[in-house]
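Report on the structure given below.
The values are calculated or read from the model by the stated rules, or taken from the named source; none is laboratory data. From a predicted model like this one, the values you see are computed outputs, not experimental measurements. All Cβ positions, even for glycine, are placed from backbone atoms using ideal geometry, and neighbour counts span all protein chains on display. Protein only, heavy atoms only, side chains kept; ligands, DNA and RNA dropped before computing areas. Shrake-Rupley method; radii C 1.70, N 1.55, O 1.52, S 1.80 Å.
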Amino acid sequence: MRIAVLTFEGFNELDSFVAAALLNRMRAQGWQAEITAPGDWVTSMNGVRVQAQQPLEFANSADAVLFGSGILTRDIAKDRSMLDRLELDPRRQLIGSQCSGALLMARLGLLNNLPACTDLTTKPWVIEAGVQVLDQPFFASGNLATAGGCLSAPYLAAWAIAKLAGEDAAASVLHYVAPVGEKEAFVERALGVIRPYLQAGIARPCGGEFIR
């Protein structure tokens with residue numbers, strides 16, 4: 001599985017780094033999650049400068065795409081030249097977002113009539129884009145998901161793992177990173193959040209589309 005963690009200028013480190021780190025716990029199974037950005041370098045909201053592992057267009061062929069958030073997302077959402085570089089398709093990709101990443105999904109027409117989760121700052125902008133915002137940390141429908149709040153990153157990553165490799169794989173990754181002495185409770189809480197949105201079976205790519 002190749003996964004694009006979309007990371008734009010002004011990005012939130014918790015979104016991009018936590019999601020990428022969790023997904024890369026599946027590296028032994030052939031997974032690779034990579035920081036995917038519009039340019040060669042991208043600087044976070046706190047001044048952390050990192051080199052992109054993949055160009056933005058990598059997202060178009062990735063098996064899964066996760067939109068991170070950041071302080072400049074509203075400007076990015078208005079940049080048509082930036083958005084036009086993305087040609088995503090939920091029929092053949094898992095696509096999710098965290099916090100203000102939901103605004104980018106909305107601008108790309110991915111949410112359609114779906115409600116979404118986002119952070120409190122971004123909420124009015126997502127509503128303005130015509131999307132109903134839910135007062136909860138996570139929501140998914142089919143191959144699309146949104147998460148709200150910086151610390152919802154484990155939910156989004158666990159959803160992607162569970163969808164593509166099963167709930168046991170997601171539980172194993174969550175257990176590894178969970179705080180000592182709280183592992184079982186942490187895992188069960190996270191799985192409890194995403195479980196209502198997991199359909200029976202594992203999604204696998206076949207002929208360019210995901211099937212079960």
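Dividing the alpha-carbon radius of gyration of the range 38-90 by 2.2 N^0.38 Å (N being the number of residues), what value is obtained?
1.18
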Problem set entry | Sequence-separation-based contact order of the range 56-212, relative, with Cα cut under 8 Å and 6+ spacing, percent | 19 percent
Exercise. Most mobile of 19, 116, 169 per a Gaussian network model of the chain (Cα springs, under 10 Å)?
Worked result: 169
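Cβ under 15 Å from residue 79's Cβ, residue 79 left aside: what net charge do those residues give with Lys, Arg +1 and Asp, Glu -1?
Charge balance in the 15 Å sphere: +2.
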Problem set entry | Per principal axis, descending, Cα span of the range 53-123 in whole Å | 31, 23, 21
Exercise. In the range 142-188, how does Rg compare with the Kirkwood Rh, expressed as the Rg/Rh ratio over alpha carbon atoms?
Worked result: 0.98
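Could you work out the relative contact order of the range 62-152? I mean the mean sequence separation of Cα pairs under 8 Å and 6+ apart, divided by the number of residues, in percent.
Averaging sequence separation for qualifying contacts and normalising by length gives 30 percent for the range 62-152.
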Seminar exercise, completed: For the chain, longest principal axis from Cα atoms; helix 167-177 axis from its Cα atoms; angle between them, nearest 10 degrees, is 80 degrees
Seminar exercise, completed: Result for the range 1-71: accessible area per residue, probe 1.4 angstrom, in square angstrom, of 40 Å²
Exercise. Per the Kirkwood treatment, what hydrodynamic radius in Å, one decimal, follows for the range 79-175 from the mean inverse distance over all distinct Cα pairs?
Worked result: 13.7 Å
